[in-house]
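Accompanying notes for the structure given below.
Read-outs: derived from the displayed coordinates by stated rules, not from any lab. This one's a predicted model, so the numbers in the text were calculated from it and none came from an experiment. All Cβ positions, even for glycine, are placed from backbone atoms using ideal geometry, and neighbour counts span all protein chains on display.
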Protein chains: 2
Amino acid sequence: MDTALKTLSVHINLQGAKIVAETTPGKTREIALPNHKEQVSHIAVDVGGSLAKVVYITKDNEGGSRFNFTRFETKNIDECISFLSFLCQEYENSRQEGPAMCVMATGGGAFKYYDQLRSRLGVEIVREDEMECLIVGLDFFITEIPDEVFTYSENEPMKFCEPLPNIYPYLLCNIGSGVSMIKVSGPEKFERIGGSSLGGGTLWGLMSILTNAKTFDEMLEMSKSGDNTAVDMLVGDIYGTNYEKMCLKSTTIASTFGKVFQKKLTKKYDTIQDFQSCFSPQDIAKSLLYAISNNIGQIAYLQARIHELETIYFGGTYIRGHPLTMHTLSYAIRFWSGGTKKAYFLRHEGYLGAVGAFLKHQPRNWGRRKTSRVNGML
Amino acid sequence: MDTALKTLSVHINLQGAKIVAETTPGKTREIALPNHKEQVSHIAVDVGGSLAKVVYITKDNEGGSRFNFTRFETKNIDECISFLSFLCQEYENSRQEGPAMCVMATGGGAFKYYDQLRSRLGVEIVREDEMECLIVGLDFFITEIPDEVFTYSENEPMKFCEPLPNIYPYLLCNIGSGVSMIKVSGPEKFERIGGSSLGGGTLWGLMSILTNAKTFDEMLEMSKSGDNTAVDMLVGDIYGTNYEKMCLKSTTIASTFGKVFQKKLTKKYDTIQDFQSCFSPQDIAKSLLYAISNNIGQIAYLQARIHELETIYFGGTYIRGHPLTMHTLSYAIRFWSGGTKKAYFLRHEGYLGAVGAFLKHQPRNWGRRKTSRVNGML
């Protein structure tokens with residue numbers, strides 16, 4: 001068993017924890033904690049390159065509590081800090097005897113914006129290591145929350161999984177603006193084995209230029225109706241047929257955007273509109289989504305093979321429960337591993353780090369951690 | 001020794017073969033064959049997704065011969081076939097007693113354009129497998145041509161290598177419109193172990209849209225003076241510093257194009273000019289060149305590690321002797337392998353397949369191949 005989680009259970013009662021039915025469409029679902037009654041003296045924030053994720057606990061109407069999840073764009077960090085400040089004040093207003101407020105912070109922004117956080121919030125800011133938080137958060141979701149972890153296929157888009165008796169070792173492939181791949185061999189035993197700069201930031205950046213979409217959700221919506229073969233070069237475009245000898249199907253993508261250069265040179269255009277009369281935003285969106293997702297899937301598979309890991313979890317705000325993204329990642333893992341390795345997803349995929357930071361809270365004057373943890377195990 | 005090359009030596013005298021000093025800038029250098037006197041009855045073409053490469057032998061002024069290399073865009077396949085037709089007619093006009101002309105063809109286009117080639121050229125077209133040709137061509141360059149194979153570093157851009165006593169096994173990473181990775185364990189013993197759709201076609205396509213460059217060389221030129229940190233998100237942009245615990249430097253690229261989405265949403269533009277006032281074409285070009293090259297280098301390294309291959313050759317028309325490309329590929333291999341694996345380049349990197357097809361020529365009525373090859377070994 002994971003000591004970190006045992007430690008947690010001293011503070012937060014997880015008995016009966018479960019995901020709440022969707023209330024506000026598009027909003028990340030809350031997690032009900034029907035048996036947790038006490039006021040909670042901390043909140044957590046994970047500030048990444050593009051998004052800042054906030055996790056906090058509130059009382060519900062039935063006397064229990066709820067885990068809440070919300071996010072801000074990092075470029076609007078002021079807005080995020082204002083929200084944290086609001087949560088701090090709310091706690092202070094209703095505080096009876098409990099300890100002072102504490103903000104757990106992780107992600108690169110916990111360092112970059114540390115001074116700003118401290119001066120504007122006026123409470124203790126505890127910084128925790130990003131990778132460690134990702135793992136603690138993931139272990140929590142895997143072991144404690146029912147209907148959280150699932151595999152994806154077109155026939156069965158969300159097949160929920162029971163936690164395995166032994167969850168280690170596994171690979172966590174976390175996709176935010178960039179990609180981190182972390183090998184986890186036990187509780188708090190992990191190693192960053194690789195990464196890629198081709199991640200969410202790349203997809204969002206390229207799509208924002210080439211499709212003129214205003215939000216990431218708009219881009220994802222576009223990709224659904226696109227036809228990538230209008231821009232991608234397939235094996236069939238080069239061979240006129242399958243490449244039999246190498247078992248490459250005619251429909252395999254040989255070159256992402258492989259048709260663009262040739263088309264471009266035969267047409268002239270100066271405005272985005274001219275350009276889009278030649279290439280539909282939908283087709284562009286689908287091609288890019290395939291390319292980035294497939295590339296991440298391939299690298300994740302290769303890393304998993306080198307490190308002999310059967311189980312691959314995909315986390316990070318890149319995924320957003322988008323079917324085409326999960327399909328491509330799942331397909332890549334299945335294809336490259338010959339079906340021996342599996343891709344797993346999470347409903348709260350974007351909040352692993354924030355939840356991990358939340359769970360790492362130890363009240364002040366709570367004794368040396370090591371001791372507390374051993375006690376927690378009893 | 002490679003039997004295929006031994007076989008070849010029956011027909012083409014390679015004694016004293018060497019690369020000719022540059023005559024026309026930008027043109028691929030010829031290879032002098034001072035001791036080959038006979039007329040050669042075949043030419044070879046490798047038709048890929050974007051480019052068609054042609055290899056043929058001509059007489060030189062000193063009584064010897066020369067290997068010639070030239071290429072066409074595949075979309076102008078008619079122009080390429082006209083050139084082949086010209087070479088066929090020239091041979092026919094000067095033919096004394098020799099055999100009839102034969103065109104060796106490989107690459108996807110050898111299948112896609114087979115009927116066109118046959119009807120317009122009116123000579124025998126022999127199709128050869130693309131991967132096989134790449135390997136035969138590479139083995140030829142490695143073993144027979146001095147000052148062909150080199151490693152790249154900024155201090156020593158072209159460090160030429162003597163052929164190793166045992167050249168196998170190795171990984172060939174061939175980058176054209178798409179990428180193929182081939183594990184070679186002996187002469188004619190090879191396996192396609194992977195590939196990527198993020199290759200030359202992707203870079204050319206994206207650059208042609210985003211930089212408005214008209215040719216690939218123009219794009220490469222642009223990339224030299226660019227500053228990718230204007231568009232890429234670095235570890236330092238997220239952390240404000242190094243990510244010490246994970247040994248990630250502040251200058252490491254965390255997310256390719258990671259700054260674009262944010263900037264884009266704060267500015268409005270409808271024309272390419274507006275867009276380019278926000279992002280310089282040079283910066284875009286450098287970022288994309290880094291991203292694609294680094295990604296290929298990383299996947300090549302991972303494949304090499306899985307298959308226990310120390311030596312990685314990079315071939316294909318993507319490279320074009322461009323310093324920044326070779327630097328990035330070399331750096332990726334060195335970085336990921338901790339210096340245990342090396343990237344090798346070739347002066348005729350784009351002509352492996354065409355030369356391989358050329359070398360696979362066996363005159364008609366020349367007996368069963370197996371027998372001939374055994375004879376060639378004696």
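Compared with the dominant Cα axis of chain B, that is its longest principal axis, helix B:323-337 is turned about 80°.
Per-residue mean of other chain beta-carbon atoms within 10 angstrom of the beta-carbon, peptide B:235-241? Can you show the working numbers first?
Working: counts 3, 2, 5, 14, 9, 8, 3.
Per residue, the number of nearby Cβ atoms from other chains is 6 on average.
Label positions at B:N155 and B:S185, each projected 7 Å from the Cα along the C-beta direction, are separated by 3.7 nm. Mean projection of the Cα convex hull over all viewing directions, computed for region B:213-356: 11.0 nm². For chain A, the longest principal axis of the Cα atoms and the long axis of helix A:130-144 meet at an angle of about 80 degrees.
Let me confirm one metric for peptide B:173-182, namely the mean number of other chain beta-carbon atoms within 10 Å of its residues' beta-carbons. All intermediate terms of the calculation are to be shown ahead of the outcome.
Numbers: counts 0, 0, 0, 4, 11, 11, 2, 3, 0, 1.
For peptide B:173-182, the averaged partner shielding equals 3.
Residues B:S223, B:S287 in ascending order of nearby Cβ atoms (within 10 Å, fewest first): B:S223, B:S287.
Rounded to the nearest 10 degrees, what's the angle between the helix B:281-306 long axis and the longest principal axis of chain B, both from Cα atoms, 0 to 90? Roughly 70 degrees between the two axes. The tail of the calculated P(r) for region A:194-253, taken as Cα-Cα distances beyond 14 Å, holds 66 percent of the pairs. Put a dot 7 Å past the Cα of B:Q116, heading toward its Cβ, do the same for B:Q39, and the two dots end up 3.0 nm apart.
Per residue, chain B reaches -12000 deg cm²/dmol at 222 nm when only DSSP H runs of four or more residues are counted, each adding -39500 (n - 2.57). Taking 45 Å as R0, compute the FRET efficiency from the Cβ-Cβ separation of B:E310 and B:E218 and round it to 0.05. Working from the Cβ atoms, E equals 0.80. Spatially, region A:199-225 and region B:150-213 are offset by 31 Å when compared through their Cα centroids.
Can you give the % of DSSP beta bridges in the protein assembly as shown that are antiparallel, to the nearest 5? Around 70 percent antiparallel, to the nearest 5.
Annotation for A:R320 and B:E73: the two label points, set 7 Å from Cα along the Cα-Cβ direction, are 3.5 nm apart. Peptide B:249-256 has a mean shielding of 6, counted as Cβ atoms of other protein chains within 10 Å of each residue's Cβ.
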